[in-house]
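The values are calculated or read from the model by the stated rules, or taken from the named source; none is laboratory data. Here the structure is a predicted model, which means the values were calculated and not measured. Heads up, the Cβs are rebuilt from the backbone with ideal geometry, glycines too, and the neighbour counts pull from every protein chain shown. Just the protein is used for accessible areas: all its heavy atoms, side chains included, with ligands, DNA and RNA removed. Shrake-Rupley method; radii C 1.70, N 1.55, O 1.52, S 1.80 Å.
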Amino acid sequence: ASMLSPDGRCKAFDARANGFVRGEGAGVVVLRRTEDALSDGDHIYARVLATATNQDGRTRGITLPSGDAQAALAVETCRRAGIDPSAVGYVEAHGTGTAVGDPIEAAALGRVYGRNREVPCVVGSIKTNIGHLEAGAGVAGLIKLCLVLSRRAVTPNLHFETPNPSIDFDRLGLRVAIENEALEPGCDGMLYGAINSFGFGGANAHAVL
C-alpha cells in the first residue's frame, strides 16, 4: 500500500515524513487504585485521570483518520478528567510519520490543546524511537507518557529537522520537542499529559494522566 518508510525512519511531523516503520515489542503497565498504591507505598509513575474511546464512522478511506473524531474525543477525555485542555503540557501523539496522517492529527490536537495558552503544547511520538508496534503501539506511548510525567522531562522527537509545511504549528499552538527539556506544570502547579491513538478500523483512544 506504499505506507512504509523506504529508509526505515519514522519522521513524525517532519517535512520528510514518508511512511511508518514497523516495530516489534510489548508493554505492561500495573494499574492500581490510587488509595491502594499510596497505602502500600508503591512507586507511582502517573495517575490516570480519564480515558475514552470513539469511532471515526465513515471517512474518505482506511488511511485517512478523522480529525473531527479525534478532537471530539480529546475534549471528552479532558471533560471526564475535570481539567481544562490548556493545562496539558505534553501530548504523546500517534505520530505515524505519514504525509497525510500527521497533519490531520496535528490539526485535531491543536484545536483542543493549542487554544487559550501562553506557551505552545509540546507534542512527540515514541514511534520515532522504536517504530510502530501496531497492537502494542498504544501501551508503548502510555509508558513513555508515564516516564515523561514522573521524570518531569520531555525527550526529543527523533528525525525532526524541518516542520511539515502542511502543519501550521504556530497557529495550532503546538511545538515538537527537539531536545531534552523540562515539562512545565499547568496553572494549578500539576503536571498533565495526554496520549492520542487511533487504528485502521476507525477506533480512536485517548487518555489524560
Exclusive hit being open to solvent by less than 60 Å² (accessible area, probe 1.4 Å) and within 18 Å of residue 137 (Cα to Cα), set 61, 67, 25 = 25
message = Here is a check on your reading of the model: is residue 209 farther than 19 Å from residue 151 by Cα and open to solvent by less than 70 Å² (accessible area, probe 1.4 Å)?
response = no
note = Counting only helices (runs of 4 or more DSSP H) entirely within the stretch 119-183, those with at least 3 residues that are surrounded by fewer than 17 Cβ atoms within 10 Å (Cβ to Cβ) are 137-151
query = Is it the case that some residue within the stretch 50-61 is within 18 Å of residue 111 (Cα to Cα), assigned to a loop (DSSP other than H, G, I, E, B) and over 15 Å from the mean Cα position of the chain (by Cα)?
reply = yes
message = Residues to consider are 111, 152; find the one that is out of contact with any His (no Cβ under 9 Å at 6 or more places or on another chain) and free of Cβ contacts under 8 Å to residues at least 60 places away in the same chain.
response = 152
request  = Name the one entry in 37, 46 that is under 25 Å from residue 160 (Cβ atoms), out of contact with any Asp or Glu (no Cβ under 7 Å at 6 or more places or on another chain), at pLDDT 95 or above and not in a strand (DSSP E or B).
outcome  = 46
request  = Filter the stretch 84-127 for residues that are hydroxyl-bearing (Ser, Thr, Tyr), over 14 Å from residue 196 (Cα atoms) and touching a Lys or Arg at 6+ places or on another chain (Cβ under 7 Å) and give the result.
outcome  = 86
ask   = Does the stretch 13-31 contain at least one residue that is out of contact with any Pro (no Cβ under 7 Å at 6 or more places or on another chain) and free of Cβ contacts under 8 Å to residues at least 60 places away in the same chain?
value = yes
key: So residue 40, is it farther than 17 Å from residue 142 by Cβ, over 20 Å from the mean Cα position of the chain (by Cα) and open to solvent by less than 50 Å² (accessible area, probe 1.4 Å)   = no
ask   = Which residue pairs have Cβ atoms under 7 Å apart, sit 6 or more places apart or on different chains, and have a first residue in the stretch 192-209 that is within 15 Å of residue 124 (Cα to Cα) and a second that is open to solvent by less than 10 Å² (accessible area, probe 1.4 Å) and acidic (Asp, Glu)?
value = 193/92; 195/92; 196/105
